[in-house]
Amino acid sequence: MRTLIANGTIVTADGTTSADVLIDGETIARIGTNLGADGIEVDETIDAAGRWLIPGAIDVHTHMELPFGGTFAKDTFETGTRAAAFGGTTTVVDFAVQSRGKSLRDGLDAWHAKAEGNAVADYGFHMIMSDVTDDSLKEMDGLVDEGISDFKLFTAYPGVFYSDDGAIFRAMQQTARNGGLIMMHAENGPAIDVVAADLVGEGKTDPYYHGVARYPIFEGEATNRVIRLAEAAGVPVYIVHLSARDALNAIRDARDRGTKAFAETCPQYLFLSLEDMGNGFEGAKFVCSPPLRPADHQEELWQGLIKDDLQLVSTDHCPFDFEGQKDLGRGDFRKVPNGLPGVEDRVDLLHDGGVVGGRITKERWVEIISTAPAKLFGMYPQKGTIAIGSDADLVIYDPSATRTISAKTHHMDVDYSCYEGRQVRGRSDVVLSRGSVIVRDGQFTGKKGAGRFVKRAAADYARIS
Ligand code: DUC
Ligand code: ZN
Ligand code: ZN
């Protein structure tokens with residue numbers, strides 16, 4: 001199958017040009033002007049006039065079917081990758097989970113089983129380590145060789161995902177040897193639990209107090225601590241879902257002294273705030289960790305993206321229905337399952353708030369949503385750019401279309417939207433995954449199971465400036 005995408009404006013992290021793109025099978029075969037006049041035979045020509053052609057977006061932080069708080073994140077790999085595709089995201093990297101007392105292999109096998117035959121677009125895995133033991137440390141090396149090259153550990157959630165400093169340091173030492181990367185959920189979980197218990201003891205049980213209990217300084221302290229541990233181990237470290245200026249300061253200081261510290265933030269920390277958690281139990285819709293912060297943190301996070309102290313934006317997509325799942329925390333905010341839906345809306349929110357909002361260029365937008373994730377997580381240049389030989393994961397994007405975000409029209413399998421009623425400028429019109437059109441003009445045209453596991457290289461940090 002050969003497809004010509006004609007008359008578009010190609011936008012990559014490196015610049016913008018007017019050119020046609022010829023796709024042969026699953027990859028990009030040619031890029032040039034007026035390719036249609038060359039007498040090339042194609043099966044389909046797609047006219048992209050007046051629109052941008054961007055590399056498929058990559059979301060390196062999703063949780064399909066994550067077990068949490070006695071329930072499971074609702075999107076499966078089928079519904080989650082389909083919703084992602086509607087929003088212009090053609091690759092997700094999800095977190096396989098090692099359960100306490102089990103091997104990494106058990107967790108990885110379970111995640112392969114969830115994804116294979118179900119995902120509609122490509123996917124990779126990171127590994128959540130809940131149990132750092134001699135055996136699981138040894139297993140890490142094999143996983144790096146299999147393309148699962150990074151490992152998430154937590155300073156939060158005592159008794160569940162939490163690791164102490166010694167365990168974190170041992171995992172870092174192992175990645176110093178095997179070329180992997182430690183990703184950190186950095187909040188001081190034990191201190192948070194003390195404050196949370198005090199608040200509940202005072203009768204402050206509404207979801208709002210989830211946001212109050214998890215002080216920004218607890219995130220700043222843990223972020224600085226894990227960066228320092230990584231410096232001691234001599235390895236790079238990646239901070240997930242950075243939400244607070246306290247943590248941004250720790251990242252900025254580390255980068256200023258030459259440390260290979262990297263971080264993402266998420267749309268919820270750029271567009272939503274602690275005030276959204278008010279309004280009684282409705283606030284449960286916004287319970288995630290780290291929590292939403294007072295609105296004055298937002299502009300500093302944007303500055304972090306502008307100055308590259310934050311390299312990318314992912315979603316931490318982890319959807320729970322309001323009715324029947326978030327409900328578990330009525331009367332005690334500690335029991336609300338943590339997580340928000342978002343995989344479908346990231347690209348448009350970032351375009352609207354970033355490019356239309358005048359904060360970042362369209363090239364930086366592409367970098368934040370696609371190129372930097374591909375580079376940092378070992379998928380570049382197979383993914384994350386438009387180049388000859390790259391996978392034909394492409395989006396024809398209409399930067400002037402407007403749409404209204406709503407649970408009534410979104411494709412995520414969850415009964416509410418955090419952005420209900422928000423108008424955004426920008427929309428993915430046509431989405432291709434390895435050369436196949438999987439979304440066209442609001443219709444899904446892909447196939448369950450067509451998504452493939454992406455074996456990722458250990459990240460090559462020399463590539464990122
Ligand atoms: N934070 C969330 O909000 N949900 C899932 C796990 C996490 O760290
Ligand atoms: Zn986390
Ligand atoms: Zn997460």
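Every read-out reported here was derived from the displayed coordinates using simple, explicitly stated rules and does not represent laboratory data. Keep in mind that what you see is a predicted model, and the values were worked out from it rather than measured. Ideal geometry is used to build each Cβ from the backbone, glycine not excepted, and the neighbour counts take in all protein chains shown.
When each of the peptides 30-36, 281-287, 104-110 is scored by the mean number of other C-beta atoms lying within 10 Å of its residues, the order from highest to lowest reads 281-287, 104-110, 30-36. Amide H contacts for THR402 (H built 1.01 Å from N in the peptide plane; partners 5 or more residues away or on another chain; cut-off under 5 Å): GLY426. By the helix-only formula, in which each DSSP H run with n ≥ 4 contributes -39500 (n - 2.57) and the sum is divided by residues, the chain has a 222 nm mean residue ellipticity of -8000 deg cm²/dmol.
Derived scalar couplings between HN and Hα for the stretch 35-40 equal 4, x, 7, 7, x, 6 Hz in order, rounded to whole Hz, by the Karplus curve 6.51 cos²θ - 1.76 cosθ + 1.60 (θ = phi - 60°), x for Gly and Pro.
For LEU340, nonlocal amide neighbours, meaning residues 5 or more places apart or on other chains whose placed amide H falls under 5 Å from its own, are CYS318. Computed from phi, the 3J(HN,Hα) profile of the stretch 142-159 under the Karplus parametrisation 6.51, -1.76, 1.60 (θ = phi - 60°) reads x, 5, 4, 5, 8, x, 10, 9, 9, 9, 9, 10, 10, 9, 10, 6, x, x Hz, with x in place of Gly and Pro. Each residue of the stretch 272-278 was assigned a 3J(HN,Hα) from its phi angle through the Karplus curve 6.51 cos²θ - 1.76 cosθ + 1.60 (θ = phi - 60°); the sequence is 10, 9, 3, 4, 5, 8, x Hz, with glycine and proline shown as x.
The shape of the stretch 21-110 comes out prolate: with a ≥ b ≥ c from the C-alpha gyration tensor, a/c is at least 1.5 and a/b beats b/c.
The local environment of LYS114, defined by Cβ-Cβ distances under 9 Å, has a net charge of -3 under the rule Lys, Arg +1 and Asp, Glu -1. Here r is the Cβ-Cβ distance between THR404 and ASP134 and R0 is 41 Å; the resulting FRET efficiency, rounded to 0.05, is 0.15. Given a Förster distance of 35 angstrom, what is the FRET efficiency for ASN178 paired with ASP256, based on the Cβ-Cβ distance and rounded to 0.05? According to the calculation, E is roughly 0.80. Our estimate of slack between SER18 and VAL212, defined as 0.36 nm per intervening residue step minus the Cα-Cα distance, is 64.9 nm. Summing Lys and Arg as +1 and Asp and Glu as -1 over all other residues whose Cβ lies under 15 Å from the Cβ of ILE405 gives a net charge of 0.
Output the peptides 296-305, 317-326 sorted from most to least packed, where packing is the average of other Cβ atoms within 10 Å over each peptide's residues.
The peptides rank, most packed first, as 317-326, 296-305.
Only one residue of PRO373, ALA13, HIS112 has its Cα farthest out toward the positive end of the dipole of the chain, where Lys and Arg carry +1 and Asp and Glu -1 on Cβ, and that residue is ALA13.
Taking R0 as 35 Å, what FRET efficiency do you get between ILE40 and ARG170 from their Cβ-Cβ distance, rounded to the nearest 0.05?
Computed FRET efficiency for ILE40 and ARG170: 0.05.
For VAL93, nonlocal amide neighbours, meaning residues 5 or more places apart or on other chains whose placed amide H falls under 5 Å from its own, are ASP59, VAL60, HIS61, THR62, GLY124. Among beta bridges from DSSP that stay inside the chain, the antiparallel ones total about 50%.
Report, in listed order, any pair from LYS260/LYS362; LYS102/LYS335; LYS204/LYS260; LYS260/LYS455; LYS152/LYS408 with a Cα-Cα distance greater than 32 Å. Result: LYS204/LYS260; LYS152/LYS408 exceed 32 Å. Distance between the 7 Å Cα→Cβ label points at ASP145 and LYS448: 3.6 nm.
With 10 angstrom as the radius, rank MET1, MET412 by how many other C-beta atoms surround their C-beta, starting from the fewest.
Ordered by Cβ neighbours within 10 Å, fewest first: MET1, MET412.
Within the shell defined by Cβ-Cβ distances under 11 Å, the residues around GLY446 carry a net charge of +4, with Lys and Arg each +1 and Asp and Glu each -1.
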